[in-house]
Amino acid sequence: MFNTTVMLVDEATLQSVSPTAIVSIGGNVTVIGSGFINTSQYAAMCMDCSLCRIACKFYDLSLVPATFSSATTVRCVAPASVPGDKQLAVSNYGVFLQPKTSAIVEYYGTNL
């Protein structure tokens, strides 16, 4: 007999990001929204830990871990990128399909 745990997690909703522009080498961003969950407590139940952690996704760039601060605030480190606008989304469970909400972060400075 197998024991199976199913965890249903609502999608996080983004309201704002600060700062809205960062240098091309990347940097810290704070995301304000709702529905953020401290998913680190569930990591032991996952076979693939990247699927059980809150994360930020800068589209066309890599997935980065997020630091849970509260149900309304997370922080993440934006990876380096060439200048331009990048869509940012947050997932409570590290999987990014089509987010309900996102924010734009502008990268500026010299090309990498």
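For the range 63-107, what are the residues that are charged (D, E, K, R) and touching a residue at least 60 places away in the same chain (Cβ under 8 Å)?
The answer is Lys100, Glu106.
Tell me which residues, restricted to the range 1-38, are over 14 Å from the mean Cα position of the chain (by Cα), over 14 Å from Leu88 (Cβ atoms) and at pLDDT 85 or above.
Hits for the range 1-38 are Val23, Ser24, Ile25.
The values are calculated or read from the model by the stated rules, or taken from the named source; none is laboratory data. The model shown is predicted, which means the values in this text are computed figures rather than measured ones. Using ideal geometry, Cβ is built from the backbone for each residue, glycine included, and neighbour counts are taken over all protein chains shown.
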